[in-house]
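Enquirer: Take a look at the following structure, please.
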Amino acid sequence: MQVKLALIPLLLLSAAQGADLANLYPKAVQNDSRFAIAKAQNLASQEIVPIARAALLPNLSLSAQGSREWVNTEFDVGEGAKEQTISKDYLFNGQTYAATLTQPLFRMAAWDNLSQAEFQQKEANHALDRSQQELILRLAQQYLDVQLAFDKLQLLGEQKKAYQEQKTQASKWFAAGYGTITDINEAQNRLDFVDADILSAEAAHSSKLHELSVTVGEPMSKLAHRKPTDMQADLHLRYPLAEWLSQAKQNNPILFERQASVDAAQLEISKNIDQHLPTVDLRLRSSYEDSPSYSTVDNLIKSNSIMVYASIPIFSGGEINARSKRAVALHTAASEDQRNTLQQVELGLRQQYLDLSSSSAQIKALQEAVRSGDVLIQSTRKGIQSGVRSNVDLLNAQSRFFEAQQKHTAAQYTYLSGYIRLKFYAGTLQENDLQAVDQVLR
């Protein structure tokens, strides 16, 4: 039964059908270290706007000061022989309390800083979206790599079994006087190569399984084997190439991230220009001061004041001009980075679409190669019985058959991972795409 991914009704998915790849995604979201870093960075970026807004809101401060003053006085009394010096010590305790409220009235740089913070927050949100899609892409690729490695192991096992049967048959024919020792040696040579391939495939499977375990965050010693079955490789044809490119411009979070970076860089230029403008603050102050001294014993002062404070920058050693030039250069760099990113996204999506078209044709051709390879094996067996084919011919036919099977299976996995990557370039990769992949794997 042929399966068309594009026509799968995702609402009918069952827990058993999506119990593998789709069920690994929540674990990866919780345990993957790369995504954890992205979430923490996004959480920190949420405070950028409140920090910038604080420069425009009232600022209230309280201050208290205590003092102690020791005064020593000396004076002379009397005259002549009766003159004497009298010394006297005084101790004065003073305290001052004040409350100051400052409300910015005119600070253009602070307003630009707030707008810049909003763009920086948008940039961080798009970065988190990108990280989430990267996690889906990475998880799907690792899962498919594990399944492909296990598939290769299975095919090598079947290939080894076929060669063992051929060796046994050649030995029987040789013992009966019909075969040659060359047929036995040829079969043994094929077995030796398969054993070496099996060892390599086992190592590859273990390595891929470990990579998946790291992403999921738990040991994956066992994973149910599932493979594409008669897959129709037409998923990328759901939309024409022009539509895929349009989706990328409308949805790709990387492009939104770069646009927010350009907007933030533009406001950095405005911020530095605003440093030449005056600033105006309203200050309200209420104070209580009790500071007795030698000359004023009872010195209690209570005061309330309202002040408009203006500051006009004149010269800062060339710092503002240097910062302005630097901001202009960084804005140019951000704009060029945005342009380059758009080109890379379009290039990657276009190449991925063409690769999928090529892979689709390859799958169909390899499917025919598998079918014709099976026919070749059957006809070679009959040829051996009639004496027109040899055991070596059968071994060669089996080798080509298993090679075609491996390539056909690998092409199907390549197509699935390529389709996931195509959706990543388009910026539309979501969790339900993992459920759809589960439906293709049987």
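Only the coordinates and a few stated rules stand behind these numbers; no lab work does. As the structure is a computational prediction, the values presented were derived from the model and not from experiment. FYI the Cβ positions are ideal-geometry reconstructions off the backbone, even for glycines, and counts take in every protein chain you see.
Enquirer: Going by a ≥ b ≥ c, the root eigenvalues of the Cα gyration tensor, does region 332-384 fall in the rounded group (a/c under 1.5), the prolate group (a/b larger than b/c) or the oblate group? Intermediate values should be presented prior to the final figure.
Expert: Values: a/c = 12.73, a/b = 6.51, b/c = 1.95.
Prolate, since a/c reaches 1.5 and a/b exceeds b/c.
Enquirer: What is the extension gain from residue 361 to residue 325, computed as 0.36 nm multiplied by their sequence separation minus the C-alpha to C-alpha distance, in nm to one decimal? Spell out each step's value before the answer.
Expert: Working: separation 36, 0.36 × 36 = 12.96 nm, distance 5.44 nm.
So the chain would gain 7.5 nm between residue 361 and residue 325.
Enquirer: For the chain, modelled as a Gaussian network with Cα springs under 10 Å, which listed residue fluctuates most, 76, 393, 145?
Expert: Sorting by GNM fluctuation, first place goes to 76.
Enquirer: Highest GNM mean-square fluctuation, the chain, Cα pairs closer than 10 Å: which of 359, 171, 291?
Expert: Among 359, 171, 291, the largest GNM mean-square fluctuation belongs to 291.
Enquirer: Picking from 106, 174, 35, which is most flexible by a Gaussian network model of the chain using Cα springs under 10 Å?
Expert: Of 106, 174, 35, the most mobile in the Gaussian network model is 174.
Enquirer: Can you flag which of 167/407; 227/364; 161/208; 167/382; 27/208 are past 21 Å Cα-Cα?
Expert: The answer is 167/407; 161/208.
Enquirer: In nm, give the distance between the simple-model label positions of residue 350 and residue 178, each being 7 Å from the Cα along the Cα-to-Cβ direction.
Expert: 6.2
Enquirer: Give me the one-decimal nm value for the distance between modelled label points at residue 283 and residue 69, 7 Å along each residue's Cα-to-Cβ direction.
Expert: In this crude label model, residue 283 to residue 69 measures out at 2.4 nm.
Enquirer: A further question on this structure: In the chain, once you exclude exposed GluC sites (Glu not before Pro) (DSSP loop, at most 15 other Cβ within 10 angstrom), what's the longest stretch remaining?
Expert: On the way: sites that count: 47, 79, 83.
Counting only loop sites that pass the neighbour cut-off, the longest clear stretch is 84-442.
Enquirer: Which of the following values of Rg/Rh (Cα atoms, Kirkwood Rh) was calculated from the structure shown: (i) 1.02; (ii) 1.35; (iii) 1.04?
Expert: (ii)
Enquirer: If a/c stays under 1.5 just call it rounded; otherwise compare a/b with b/c (prolate if a/b is bigger, oblate if not). Do that for region 182-247, with a ≥ b ≥ c from the square roots of the Cα gyration tensor eigenvalues. Display every interim value, and only then the final one.
Expert: On the way: a/c = 3.39, a/b = 1.58, b/c = 2.14.
It is oblate, given that a/c is not under 1.5 and a/b is not larger than b/c.
Enquirer: Right, another one. For residue 249, give me every one of the aspartates and glutamates with a C-alpha distance below 13 angstrom, ignoring sequence neighbours fewer than eight places off in its own chain.
Expert: Once the sequence-local aspartates and glutamates are set aside, what remains near residue 249 is 257, 346.
Enquirer: Per 0.36 nm of contour for each residue apart, how much would the distance between residue 44 and residue 27 grow if the chain were fully extended, relative to their Cα-Cα spacing?
Expert: 3.8 nm
Enquirer: A further question on this structure: Mind running the shape call on region 92-198? Use the C-alpha gyration tensor, a ≥ b ≥ c as the square roots of the eigenvalues: rounded below 1.5 for a/c, prolate if a/b tops b/c, oblate otherwise.
Expert: prolate
Enquirer: Excluding same-chain residues fewer than 8 positions from residue 222, which aspartates and glutamates have a Cα within less than 14 Å of its Cα?
Expert: Leaving aside aspartates and glutamates fewer than 8 places away in the same chain, those within reach of residue 222 are 20, 202, 211.
Enquirer: Given the C-alpha centroids of region 138-158 and region 163-219, what is the distance between them in whole angstrom?
Expert: 17
Enquirer: Once you place label points 7 Å from the Cα toward the Cβ at residue 308 and residue 161, how far apart are they in nm?
Expert: 9.3
Enquirer: Could you give me the percent of Cα pairs per 10 Å distance bin for region 161-219, shortest bin first, beginning at zero and ending with the bin that holds the maximum distance?
Expert: Going from the shortest bin to the longest, the percentages are 22, 29, 18, 15, 10, 5, 0.
Enquirer: Then there's this: Ignoring everything except DSSP H segments at least 4 long, calculate the 222 nm mean residue ellipticity for the chain; use -39,500 (n - 2.57) per segment, divide by total residues, nearest 500.
Expert: -23000 deg cm²/dmol
Enquirer: Determine the dipole magnitude for the chain: charges of +1 sit on the beta-carbon of Lys and Arg, -1 on that of Asp and Glu, nothing else is charged, the reference point is the Cα centre, and the result goes in debye to the nearest 20.
Expert: 1980
Enquirer: OK, next. Would you mind pulling out the separation of the Cα centroids of region 422-442 and region 320-364, in Å?
Expert: Distance between centres, Cα-based: 23 Å.
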